[in-house]
Amino acid sequence: MRTVNAYGAVSATAPLEPMTIERRDLGPHDVLIEIDYAGICHSDIHTVRGEWGEIAYPQVVGHEIVGHVAATGSEVTGHKVGDRVGVGCESGSCGECEQCADGEEVYCLRGNIQTYAGVDVDGSITQGGYSQATVIHERFVLSIPESLPMEKVAPLLCAGVTLYSPLKHWNAGPGTRVAIIGMGGLGHVGVKLAHALGAEVTVLSRTLAKKDDGLAFGADHYFATEDPQTLHEHQGEYDLILSTVSAGLDYDRYVDLLAVNGTLVLLGAPTDALSVTPMKLITHRRSIAGSANGGIKVTQEMLEFCAEHDILPETELIGADSINEAYQRVLASDVRYRFVIDTKTFA
């Protein structure tokens, strides 16, 4: 076992605090990663506060991890010491079911292993990236292209693939009209990706406060949903709508924005049950779907795409002593647009 410094939660109500955690010994297919940076995702906050169900404490979160390979197991072939690597939301799966065989480990039919707050292969609770090092099976270790700056890339491993995966699955590209609901940590990356794919991109945000940013990131149009005319004037307009918000919406009004054969995809996770008038779907062959982050194959593809098109999230780099303040700022929507922790400050 290896002991490393970390920041974690000891209860649902306490601030995060310094602690040490243990990492398992290397197995033959494991990679030891010295972590350089870890992104802060809103999911981290939901988890440590017990808002998505009870968890075991102490808990170290963080599933946007980048660093360097420090050691490899005896049978690792895809990575070597010194390589730039990353880890996203999943760190294990059965490796045998149909979804795993297709590189869609996120949808493993036997249940994948979450990078934090999951049950690891040795029966322990998985601990995430707010730490100095981690041990991950080689299948779940991603290669970071050389052109992507390490201090910026971490949010791509959750926010990036969460948007890229549905854009690719629903064939966003030239001739398609894509609307993105919300211009936060997820939405701003989605605008950049959809634009690079060649789609006509619209942002639907509550206000126009981030309009200049949205247009600079590649949006063709930017509308405020607090204006009662917005949703009325754009009915039947979009082939694909990606909802990045966790708040409940009047989904009938957003379904009305879909063209014939259009799809509304939920990426945020509202806690309330979804309610839609069935005839709004039936009469225009519209669909409502959900999408998780993405398997290893599409995540690696996303990283290569971002390197090719020079796509990076907008980030603010912080040290360990600013994590709790950053959590408060995330909850207050006071960040443009993602926090990244310099884990070297854990020493």
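Here is a yes/no grid of residues against (1) under 23 Å from Ile40 (Cβ atoms); (2) surrounded by 16 or more Cβ atoms within 10 Å (Cβ to Cβ); (3) assigned by TED's automatic domain parsing to the domain that holds Ser11:
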site: Ala269; (1), (2), (3): yes, no, no
site: Met279; (1), (2), (3): no, no, no
site: Thr283; (1), (2), (3): no, no, no
site: Glu314; (1), (2), (3): yes, yes, yes
site: Asn324; (1), (2), (3): yes, no, yes
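When Val201 is tested against (1) crowded, with 20+ Cβ neighbours inside 10 Å; (2) out of contact with any Asp or Glu (no Cβ under 8 Å at 6 or more places or on another chain), only condition (2) is not met. Hey, could you check segment 326-343 for residues that are outside any helix (DSSP H, G or I) and in contact with a Phe, Trp or Tyr (Cβ under 8 Å, 6 or more places away or on another chain) and say which is surrounded by the fewest Cβ atoms within 10 Å (Cβ to Cβ)? Ranking the qualifying residues of segment 326-343, first place goes to Asp342.
Results for (1) buried (at least 18 other Cβ atoms within 10 Å of the Cβ); (2) of a type in the set (Ser, Thr, Tyr); (3) touching a His at 6+ places or on another chain (Cβ under 6 Å), shown as yes or no for each residue.
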| position | (1), (2), (3) |
| --- | --- |
| Gly86 | yes, no, no |
| Cys94 | no, no, no |
| Asp102 | no, no, no |
| Val119 | no, no, no |
| Thr126 | yes, yes, no |
| Gly129 | yes, no, no |
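Residue under question is Glu304, and the condition is that it be modelled with pLDDT of 95 or more, more than 16 Å from His42 (Cβ to Cβ), of a type outside the set (Val, Ile, Thr) and in a helix (DSSP H, G or I); does it hold? Judged against the criteria, Glu304 is a match.
Scanning segment 197-225 for residues that are among the aliphatic types (A, V, I, L, M) and either assigned to a strand (DSSP E or B) or under 20 Å from Asn171 (Cβ atoms) (or both) returns Leu197, Ala199, Val201, Val203, Leu204, Ala219, Ala224. When Gln300 is tested against (1) buried (at least 18 other Cβ atoms within 10 Å of the Cβ); (2) assigned by TED's automatic domain parsing to the domain that holds Ile113; (3) in contact with a Phe, Trp or Tyr (Cβ under 9 Å, 6 or more places away or on another chain), just one condition goes unmet, and that condition is (3).
The values are calculated or read from the model by the stated rules, or taken from the named source; none is laboratory data. Since the structure is predicted, the reported quantities are computational estimates derived from the model, not experimental observations. All Cβ positions, even for glycine, are placed from backbone atoms using ideal geometry, and neighbour counts span all protein chains on display.
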